[in-house]
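Below is one structure; the comments refer to it alone.
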Number of protein chains: 4
Amino acid sequence: MKRIAILGASGYAGQELARLIAGHPEMQVDLLMSAREGQDPPPPKNSYEQAIQPLDLDALQYVDGVFLCTPHGATARFAAAALETGAKVVDLSADFRLRDPELYAETYELEHPAPALLDEAVYGLTEQKRGEISRARLVANPGCYPTAILLPLLPLQKAGLLQAAAPIIADCKSGLSGAGRSATATTHFGSVHENFRAYSPGSHRHSAEINQEFGNGDILFAPHLLPVFRGIYASIYVTPAKGTSAADMLACLEETYAGEAFIRLYGLGLPDLQGVQRSNFCDMAALQCGGQVLLISAIDNLVKGAAGQALQNMNLMLGIDESEGLL
Amino acid sequence: MKRIAILGASGYAGQELARLIAGHPEMQVDLLMSAREGQDPPPPKNSYEQAIQPLDLDALQYVDGVFLCTPHGATARFAAAALETGAKVVDLSADFRLRDPELYAETYELEHPAPALLDEAVYGLTEQKRGEISRARLVANPGCYPTAILLPLLPLQKAGLLQAAAPIIADCKSGLSGAGRSATATTHFGSVHENFRAYSPGSHRHSAEINQEFGNGDILFAPHLLPVFRGIYASIYVTPAKGTSAADMLACLEETYAGEAFIRLYGLGLPDLQGVQRSNFCDMAALQCGGQVLLISAIDNLVKGAAGQALQNMNLMLGIDESEGLL
Amino acid sequence: MKRIAILGASGYAGQELARLIAGHPEMQVDLLMSAREGQDPPPPKNSYEQAIQPLDLDALQYVDGVFLCTPHGATARFAAAALETGAKVVDLSADFRLRDPELYAETYELEHPAPALLDEAVYGLTEQKRGEISRARLVANPGCYPTAILLPLLPLQKAGLLQAAAPIIADCKSGLSGAGRSATATTHFGSVHENFRAYSPGSHRHSAEINQEFGNGDILFAPHLLPVFRGIYASIYVTPAKGTSAADMLACLEETYAGEAFIRLYGLGLPDLQGVQRSNFCDMAALQCGGQVLLISAIDNLVKGAAGQALQNMNLMLGIDESEGLL
Amino acid sequence: MKRIAILGASGYAGQELARLIAGHPEMQVDLLMSAREGQDPPPPKNSYEQAIQPLDLDALQYVDGVFLCTPHGATARFAAAALETGAKVVDLSADFRLRDPELYAETYELEHPAPALLDEAVYGLTEQKRGEISRARLVANPGCYPTAILLPLLPLQKAGLLQAAAPIIADCKSGLSGAGRSATATTHFGSVHENFRAYSPGSHRHSAEINQEFGNGDILFAPHLLPVFRGIYASIYVTPAKGTSAADMLACLEETYAGEAFIRLYGLGLPDLQGVQRSNFCDMAALQCGGQVLLISAIDNLVKGAAGQALQNMNLMLGIDESEGLL
């Protein structure tokens, strides 16, 4: 039984991890810690509930794996402390996603708090970096939007199926849980229910991460806020390389992801959010629309976009079957 | 007091018209008729409620204006009957939107039921066709999606601010009322609530109408279904003509629509659905996103996208101030 | 044209008043004031929008009517200042609802800030106190729940149709707007959406107001929070007096409220929230359930439960037709 | 591995059973059958998905347990056929809940289709009838509302804590999934979203079942429809026996349900729907409200109110630990 600590356990991602690990046959949660302990109302009374303690880095020395669900900026020093104990670390914050500390400083308006660790941190897009993740001490868990966007795009780019200079439009829609548990004007029921809107189009922080991994500054990322709790739906418009069709793209994705437990391709029909909610699946489709191709990708932002992929990565790092606790 | 008949009064658009006209100082609803009269449960008990009668075309001879909210295919013959009485007709169905009867037949899989009237029908995008509408006997009220897409795009096209051959992506999201009152698997609460999905991307019937008016087959129209009741949010991605910026586009829209009662431009901030629900407004913004420009357009699909624009048009046709009953 | 000031204009009730008065032929809003001016994001861009100013009591001297939508405790001194200018005042806070300053102190944990005004304040349940309201300088607008509960119960009590000592159960459900615009854990979308719960059963502050007006401590008031924005639905279980049936109660309500513009009785079918949202109606029904009778009452908490009834009262106080601006 | 068949697998309860059994270590679903096979769109693409076949009673001879999720009236003959093969049967329809065939005929307006089986059918309210269920061949799974109402009330009645002749009010609120997957005006998104209403108060079919088990015709059962998908929230108002308080009732429930895996008592705070959704828990509280006591009970109508309790019962009937597949 691997012993696990979750820091930042009072937020949505931390709670989701606790829920997932409660059903994991080879892991147990030893520590749930939160800096907000005592400030928040207790989470809903559920079977995996256990007391959340104040943050205490000394307690980490007895665990095998640490999930960091704390805010960016604060998280990097927890990572350093956890690594010193020999534990494997999956960081769900943005602190180790960008390899370049200057880009980090510009994007997050903050000097990077632990640049020495940047080199060894592995970007944890599981299906694309499985080998590196297995050998890593520190994994930077991808952002929710980048996960939804990169999983369909990277194989097509690698296979040369996208026209080189053409712009890529990623019109993305996320449920409110992506905005976290903080009570703000943005998260007020009256602002979200029976509403819909774009936010930060072209300037969202995930753009830096997306374009770093895609190796190309041309993805226009426009996030929108859905009146649902869970899920990201990405509608990605690409110009195919000459002679390439949606069917070619679908075939490429099917080949790339054959045997993957968590990738599902739709040959008929279209993905929807209900098909992926509370699961670690990423559902995809490719549709010919005149000269363009529409790629659709749907995930649960709290699972494949956060806690689920984090657990998938931790499984790999601790030598456990990758899908344990996730199916 | 102008006397008004509404055919197809049991549907959402018909009900919305009855609601609007109840507050109109120069119109009164004399006839509410529906082929489904007696089949449906009565509408919610509201002040503008009055008995819905079975369809009876003879009764139309005493009215000044007729709104047709009946299904396409069936509607054209009602239009012909209403015109014979000398009434002005606004048709909210799709029967007179496409000028080419062959395109109609292909799009709606139906021979056009009244091709003789196609020539005189005016496409009622009010802010673009005010003069023709004022003189028309028969107005084809635009579809909800085409209204949201064409209002921002047409002035930019006319001003030469869009790059000629570049694809235009219209990623649109609609509330469920766009699907009508019929009870189907699609409109079931369990299919819509806490869900989101694309439908008919690249093949929706409104594509024909959009591209007819835009005069260009290059608009990729991808509709999605939102778990809200009212509203359309269009995120339209365009490539600007050389040397053109989002600011230029905003300036063009401000100049074009200066003095318009129902067009609002956002220089700061972004439109959302709540800002337009239950109103006849179309809210717009233009944002620079790298080399592309994101145009946003938000309307209430039942008002500016249906009953509101229909009333705006009928006001013009009957010599009433265009915004009467709508502010 | 009567000149109107709204204090506390940034909250839901203040916004709703501004919306209603924008359509009122004999009133105009001269002043929108808020202590939070500059702290909040601006309200959605709508046609009735005008600049909200910081609170300034001196400005009140030129207005005919003042609506107070400020928090209880702070409001009483605004009322005093407004009355000195000769303006009519409708207070939407709880400051003048309870006639007994000791009960106020106990209920709101606060010494009453203006006890000298308590005697002349009229409890503004319009259909029950029309005469007094017409002559009043200061009206205490009823709470949303008390409005929904008292409108059906008071006539039945007066007519002796309720069994004297029997408990009355008022199981009430309110939309989230009743909790106001403040961002808290309670109003977070994630706490409300796809959820439902009771709160403060038997101990809610409105109990004092309900039982003061009902003249009887036996109403068990149990509020619950609905995942909707607007509306209160009260299911009230009463024991009829010997020989009395639901039909007798319905007849009594019909007789009492004959000619009322905003009371609708359901002889067939049942009220629902959609039937009253955005209107000043109170919809009622009475159903025999074995030996008990279930009274149902539905209102929009922001209209008949707040801004609408306040406007109805101000109309009376200023000599305007009671339903002006409300139909 | 016990082999399981689910009849009526295309409905919500059948789908929920398939989901639960997919995580059960000692059961496997061998047969998913539906009379509507081929008529409905396929369920969302999920990992437990498998082909749904047309109904074929011959296929039942190889299974150990049969869940009947088919409509009442049709179900009884499937039960008879399944029992002949020696399989254990849990019937989720209403066909065997009422012991008296005349009461069944009156309630469901249908002659009972298999009265010979009524005697041996056990009413499967697990925590109250565990012994009988363990020995049964045929279990009538309780209705969702009766489960939520009876679990708190039966122990209090047995302990004599309820005042004998006093009426009991069960004001219950259910999510829309209780209305099933059929597309009707009632289940249309536009009828449910941002709405709330009572339905069939005092005359709902579950009243017969509730009063049969409670042995007393005095429970006033008033169901209401919530704009959520999952969950039942029962607010039950009782008059305590002389000298009895809410604290006594809570103590009684704690003692009765000590050691139960799926009953949780709230000493502090109040249950809500989110606390029980997707779980087999029944959360309860007891609150003193003047002379009355408010009992609150919350369940997921599809789990503890249907598929979960059915699986709990089948576990007992097949000699498996009762909570297997449910925690």
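The values are calculated or read from the model by the stated rules, or taken from the named source; none is laboratory data. Keep in mind that what you see is a predicted model, and the values were worked out from it rather than measured. As a convention, Cβ positions derive from the backbone with ideal geometry for all residues, glycine included, and neighbour counts pool all protein chains shown. Please note that ligands, DNA and RNA were not included when accessible areas were found on the heavy atoms of the full protein model with its side chains. Shrake-Rupley method; radii C 1.70, N 1.55, O 1.52, S 1.80 Å.
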Quiz prompt | Extreme residue, positive dipole direction of chain D, given options D:Val139, D:Pro240, D:Gln312 (C-beta unit charges) | solution = D:Pro240
Quiz item: For the pair A:Ala258 and B:Lys158, what calculated FRET efficiency results from E = 1/(1 + (r/R0)^6), where r is the Cβ-Cβ distance and R0 = 56 Å, to the nearest 0.05?
Solution: 0.65
Exercise. Using +1 at the Cβ of each Lys and Arg and -1 at the Cβ of each Asp and Glu in chain D, identify which of D:Gly267, D:Tyr257, D:Ala82 lies farthest towards the dipole's positive end.
Key: D:Gly267
Quiz item: When only Cα pairs under 8 Å and 6 or more residues apart are kept, what is the percent relative contact order across chain C?
Solution: 18
Quiz item: According to the square roots a ≥ b ≥ c of the eigenvalues of the Cα gyration tensor, what is the shape class of the stretch B:80-134, taking rounded for a/c under 1.5, prolate for a/b larger than b/c otherwise, and oblate for the remainder?
Solution: oblate
Exercise. Leaving ligands, DNA and RNA out of it, rank C:Val29, C:Val66 by accessible area with a 1.4 Å probe, largest first.
Key: C:Val29, C:Val66
Quiz item: When the Cα centres of the stretch C:252-302 and the stretch A:202-247 are compared, how far apart do they sit, in Å?
Solution: 51
Quiz item: Which value, in Å² and to the nearest 10, is the accessible area of A:Ile210 when all protein chains are kept and the probe is 1.4 Å?
Solution: 0
Self-check item: Dipole magnitude of the stretch B:219-327, debye to nearest 20 (Cβ charges: Lys/Arg +1, Asp/Glu -1, about Cα centre)
Solution: 360
Quiz prompt | Principal-axis tilt of helix D:246-256 within chain D, Cα atoms, nearest 10 degrees | solution = 40
Self-check item: Dipole in debye (nearest 20) - the stretch B:145-294, about Cα centre, beta carbon charges: Lys, Arg +1; Asp, Glu -1
Solution: 360
Quiz item: Leaving out ligands, DNA and RNA but keeping every protein chain, what accessible area does B:Arg19 have, in Å² rounded to the nearest 10, with a 1.4 Å probe?
Solution: 70
Exercise. Report the charge-dipole magnitude of chain B in Debye, nearest 20, computed about the Cα centre from +1 at each Lys and Arg Cβ and -1 at each Asp and Glu Cβ.
Key: 480
Self-check item: Accessible surface ranking that places the most exposed of C:Tyr62, C:Tyr123 first, with a 1.4 angstrom probe
Solution: C:Tyr62, C:Tyr123
Exercise. Give the angle, between 0 and 90 degrees and rounded to the nearest 10, that separates the Cα long axis of helix A:12-21 from the longest principal axis of the Cα atoms of chain A.
Key: 80
Quiz item: Roughly to the nearest percent, how much of the accessible area of chain B is carbon and sulfur, given a 1.4 Å probe?
Solution: 48
Quiz item: Counting pairs of alpha carbon atoms under 8 Å apart in space and at least six apart in sequence, what relative contact order in percent does the stretch C:128-251 give?
Solution: 40
Quiz item: Rounded, prolate or oblate: which one fits the protein assembly as shown, using the alpha carbon gyration tensor with axes a ≥ b ≥ c (rounded when a/c is under 1.5, else prolate when a/b beats b/c, else oblate)?
Solution: rounded
Quiz item: To the nearest 10 degrees, how steeply does helix D:308-317 sit against the main Cα axis of chain D, on a 0 to 90 scale?
Solution: 70
Quiz item: D:Asp100 to D:Glu132: FRET efficiency via 1/(1 + (r/R0)^6), r the Cβ-Cβ distance, R0 30 Å, to the nearest 0.05?
Solution: 0.95
Self-check item: Within straight-line cross-link reach of A:Lys158, lysines at Cα separation under 29 Å, skipping those fewer than 8 residues along the same chain
Solution: A:Lys129, A:Lys173, A:Lys242, A:Lys304, D:Lys45
Quiz item: Going by the alpha-carbon gyration tensor, a ≥ b ≥ c the square roots of its eigenvalues, is the stretch D:98-226 rounded (a/c under 1.5) or, if a/c is not under 1.5, prolate (a/b greater than b/c) versus oblate?
Solution: oblate
Practice problem: Compute, for A:His206, the solvent-accessible surface of its heavy atoms (probe 1.4 Å) with the complete set of protein chains present, and express it in square angstrom to the nearest 10. | Solution: 20
